[in-house]
1. On each of the three principal axes of the Cα atoms of segment B:79-226, give max minus min coordinate, whole Å, ordered largest first.
2. Pairs A:K141/A:K181; A:K21/A:K182; B:K149/B:K271; B:K60/B:K227; B:K55/B:K196; B:K149/B:K227: which are spaced more than 23 Å apart, C-alpha to C-alpha?
3. Which of B:M231, B:Y162, B:Y115 sits farthest toward the positive end of the charge dipole of segment B:81-271, with +1 on the Cβ of Lys and Arg and -1 on the Cβ of Asp and Glu?
4. Under Stokes-Einstein, with the Kirkwood radius over Cα pairs standing in for Rh, what whole-number D in µm²/s applies to segment B:7-70 at 4 °C and 1.567 mPa s?
5. Considering the Cα trace of chain B, what is its radius of gyration and what is Dmax, both in angstroms?
6. Report, to two decimal places, the Cα Rg of segment B:17-106 normalised by 2.2 N^0.38 Å (N = number of residues).
7. Which far-off residues, 5 or more places away or on another chain, put their amide H under 5 Å from the one on B:L242, with H placed in the peptide plane?
8. Say the dipole of segment A:6-185 comes from +1 at the beta carbon of Lys and Arg and -1 at that of Asp and Glu; which of A:A105, A:F32, A:S12 then lies farthest toward its positive end?
Amino acid sequence: MSNYKAIVIGGSAGSFPLITKILASLPKNYPFPVFLALHRLKHVRTGFVEALSIKSGIPVIEPNDKQQIKPGIAYLAPSNYHMYIEPGNTFSLSTEEMVKFSRPAIDLTFETASNVYRDKLVGVIVSGANTDGANGIAFVKKRGGLTIAQDPQEATISTMPDGAIKATQIDHILKIDDIVKKLIEVAN
Amino acid sequence: MEIEIDIQDIRKLVNTVKAKYAFDFGEYALSSFKRRLVRILDLYKFKDMNELINKVNFDKVFYENFLKEITVNTTEMFRDPSMWKKFRETVVPELAKLSSIRIWHSACSSGEEVYSMAILMKEAGLLEKTKFLASDINEDVIATARSGKYPLRNMPLHSDNYDKSGGTKKLTDYYKTNGDYAYMDLSLIHTTVFKKFDLVLGKQEQKFDVILCRNVLIYFNLPLQDKIIEMFSGTVDTGAFLVVGSKESIAWCKSATKYSTFSFEEKIYRKL
């Protein structure tokens, strides 16, 4: 039995090929929901899900407000909304103020996911151009979850993994291929 | 790092407000409610939740401000341009058949969507036969809506949305600039009535052909969403349109069976 129940991944600039790679490597019967908090163009509502879906091993969807969370699905935070994980296995969305110039904000998805999944959560921060996600991954760590940052030397833009590493004692600093291995390992 | 709020603190606050002011936050969506509280703690420099709870309990004036800070008022003109385009192309022809049109902005916030809809109806040649009700729980934002005065820095985004929504002119045709502000053409709202209205407790006697309630239900839990959709059902006749936010869905509400989906993509529903 795995110790974990959910995965949350945050990234922005330079993260698209990494996320594609991660999703392509996940088996169809992956036992966890995967929450994707990625910075994206504000008013481009469509296209991103389709682009991520092409190679993904599991379905990728943008949840509606109050949609039920299920294992084996990747949930992409919708354009111009914050994506929160609520108690009772549902999402809620929000149009509240941007955090670090971002909506969706990585910090908020990570924080709310850590409130619900506590030490059963795996948080991953990859390439990105600001420090959104640093506070979020610190929450994951504080609640006893597993924390992973992409090796800043490998990241296209290292501000985001650097921010995460500075914010808390990250459990694993890994290259993307090893992040993929880790995400499969924690599921077994 | 910000002050942490636990669930017991939230319950205590909700119970205090309920006992003292008969207002129930118990059906608000937890995560966003909690974030609003963190924001208020920060804004007023409270050191913990107990301090906030005491202040709410013993200071009615503060409580009024608290209520305003709890509600989220981010909005844009023509937010989600594709919805406005769909509305223009598919709903407007239906509305044009009516002898008079009644539109309710049920949580109008600072009014950006009120002007958006008025512009759209004007361009469709229907403004003169349309009556609008624009309501919100927060009187301060209603005052902004009524004034039509918006920060100039927001206008490029609004213009961009307007163009994508299929606008036939330029957004700049509808406002004048003075200093750092845009002043909307107030003739756009000459058939609009503004009113304070609480979606949770309020009773609506009028009937409408279109209700807009966009990005409001997300702040409530499902049982409360249910109640509001049910309340809406009583204020419309068969064929009326209900528009919610682009990532909201009434599919899980009990009254969903009273509506058909007019546009799945744009979250436009029609009363059966």
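No value in this document is a laboratory result; all are computed from the given coordinates. Being a predicted model, the structure only gives us computed values, none of them experimental. Every residue, glycine as well, gets a Cβ built from its backbone with ideal geometry; the counts of neighbours run over all protein chains shown.
1. Between the extreme Cα coordinates on each principal axis of segment B:79-226 lie 42, 37, 26 Å.
2. Violating the 23 Å limit, Cα to Cα: B:K149/B:K271; B:K60/B:K227; B:K55/B:K196; B:K149/B:K227.
3. Value: B:M231.
4. My calculation gives 111 µm²/s for D.
5. 19.5, 58
6. Rounded to two decimals, the normalised Rg is 1.63.
7. B:I211, B:Y269, B:R270, B:K271
8. Working it through, the farthest residue towards the positive pole turns out to be A:F32.
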